[in-house]
Amino acid sequence: MIEITGLTKRFGKLMALDSLSLSIGPGEIFGFIGPNGAGKSTTMKILACLLKQDSGEAIVCGKNVRKDADAIRRVVGYMPDFLGVYDDLTVDEYLQFFAAAFEVPRARRRPVIDQVLELTDLTEKKHAMVDSLSRGMQQRLGVARVLIHEPQVLLLDEPASGLDPRARIEMRSLLIELRKMGKSLMVSSHILSELAEMCTSIGIIERGKLLYAGSIEDAYAKVRSAALDAQPGESASVGERIEIVLQADSVEAARLADKLGGDPRIAGVKAGPSRLTVDLRADAGADGHHFLIETILHNGGRIHSFAPVEVKLEDAFLKLTTGALQ
């Protein structure tokens, strides 16, 4: 649905995008992650045909942003990070206005507006003034607006910005529902835990350069491998990470680490005073936990606790970025 190749954009001396390349397939929720000023909003504005790139290509639904801007605007819904609303309109009047602006046929406007109001849970606010809505409801109205012309691709820049916890949960559920409807979404956010729960893939950008693009699972594998100082090429084989705490009267962790280190099912192992951190290879199989326990017990180890370690998206972000700002 989106194919970007070598996209570059400068604002004076500032390099906003530096040869950015990525792709987003049908039915994906792509989480776009990066610090303020990294280039996320610039990318979305180019895809929405609101900015022109200096070089590179961007294709949306098979159409080139340089040549087919009008056609792209009909298949893309763009929601900026700060949504401007018309305070002197009701919710229904606001959506009627944008339905007319997008040239939705008059006979279709009422059913389409009713549909997006129901989808965004705003039906009861249909006759409310826009300026009377809470921040969360205004954000949902913004989503309703970008759905009014039934786009295939949604570009949502910080849709959960400023929302309270309940409103964020409701927004996340809405975006997952849009994916189920067949929409492809590009979503930027600083709330990484939210992205981890709904995204099918992510891209991490810093100072205009794309540092990572792919599945969340592959990003986690990179973090696990880096933490164990894995050899080049080993990251793709890393599976689950296990943390084992040994009892006080157990064999030393360092000795057990030596025993485990030679097993081909183990990608890496680190030992602390009474603790082992073990990364299993992705092909360790369903018996990965069993052989690990058996090996420890066979070599005189006594286990106090044994649990998988959950890698978080925050870990991947910190590992793959440097913290540099433009």
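The values are calculated or read from the model by the stated rules, or taken from the named source; none is laboratory data. Keep in mind it's a predicted model, so treat the numbers as computed, not measured. So basically every Cβ, Gly included, is an ideal-geometry build from the backbone, and we count neighbours across all protein chains shown. Each accessible area value is taken on the protein alone, full model and side chains, heavy atoms only, with ligands, DNA and RNA left out. Shrake-Rupley method; radii C 1.70, N 1.55, O 1.52, S 1.80 Å.
Note that the stretch 130-143 has calculated 3J(HN,Hα) couplings of 4, 6, 8, 6, 5, 4, x, 5, 5, 5, 5, 5, x, 5 Hz, one per residue in order, obtained from phi through the Karplus relation 6.51 cos²θ - 1.76 cosθ + 1.60 (θ = phi - 60°); glycine and proline are x.
Take the Cα of residue 87, go 7 Å toward its beta carbon, and the backbone nitrogen atoms of the stretch 115-146 under 12 Å from that spot belong to 130-133.
If both residues of a DSSP beta bridge must be in the chain, then about 70% of such bridges are antiparallel.
For the chain, the normalised intensity computed at q = 0.13, 0.14, 0.15 Å⁻¹ comes to -0.96, -1.05, -1.14 (log10 of I(q)/I(0), Debye sum over alpha carbons, equal scatterers, no solvent).
Can you tell me the FRET efficiency between residue 180 and residue 275 if r is taken as the Cβ-Cβ distance and R0 is 51 Å, rounded to the nearest 0.05? Provide the component values of the computation, followed by the final result.
Working: r = 42 Å, r/R0 = 0.83.
Computed FRET efficiency for residue 180 and residue 275 comes out at 0.75.
For the stretch 124-164 versus the stretch 170-184, the inter-centroid distance based on Cα atoms is 13 Å.
Taking the accessible area of the chain, probe 1.4 Å, and keeping the other protein chains in place, the carbon and sulfur fraction comes to 50%.
Over the chain, DSSP H runs of length four or greater, each weighted -39,500 (n - 2.57), average out per residue to a 222 nm ellipticity of -10500 deg cm²/dmol.
Once C-alpha pairs closer than 8 Å and six or more residues apart are averaged by separation and normalised to the residue number of the chain, the relative contact order reads 19 percent. Residue 241 contributes an accessible area of around 30 Å² to the protein surface, as traced by a 1.4 Å probe with all chains present. Here's the picture: a label point sits 7 Å out from the Cα of residue 115 along the beta-carbon direction, and within the stretch 158-179 the residues with their amide nitrogen under 15 Å of it are 178-179.
So which of 126/209; 9/126; 9/183; 52/125 end up more than 31 Å apart by C-alpha?
On the way: 126/209 43 Å; 9/126 41 Å; 9/183 27 Å; 52/125 37 Å.
As for pairs spanning more than 31 Å Cα to Cα, those are 126/209; 9/126; 52/125.
Given the options 282, 144, 107, which has the most mean-square fluctuation in a GNM of the chain, springs set between C-alpha atoms less than 10 angstrom apart? Checking each option, the largest mean-square fluctuation is seen for 107. Residues of the stretch 258-274 with an amide N closer than 18 Å to a point placed 7 Å from the Cα of residue 304 along the Cα-to-Cβ direction: 270-274. Here the gap between residue 5 and residue 126, fully extended at 0.36 nm per residue and compared with their Cα-Cα distance, gives a gain of 39.3 nm. Ranked by solvent-accessible area (1.4 Å probe, protein heavy atoms only, all chains present), the residues 124, 206, 93 order from largest to smallest as 124, 93, 206. Given a 10 angstrom Cα cut-off, can you work out which residue in 182, 300, 37 is the most mobile in a GNM of the chain? Judging by the Gaussian network model, the answer is 300. For the stretch 13-109, the fraction of C-alpha pairs farther apart than 16 angstrom is 66 percent. With springs only between Cα atoms under 10 Å apart, run a GNM on the chain and tell me which of 88, 18, 131 wobbles the most. For the chain, modelled as a Gaussian network with Cα springs under 10 Å, the answer is 88. Per residue, the chain exposes an accessible area of 48 Å² to a 1.4 Å probe, with every protein chain left in place. For residue 270, the solvent-accessible surface with a 1.4 Å probe is about 90 Å², rounded to the nearest 10.
Extending 7 Å from Cα along the Cβ direction at residue 190 and again at residue 248 yields two label points whose distance is 4.6 nm.
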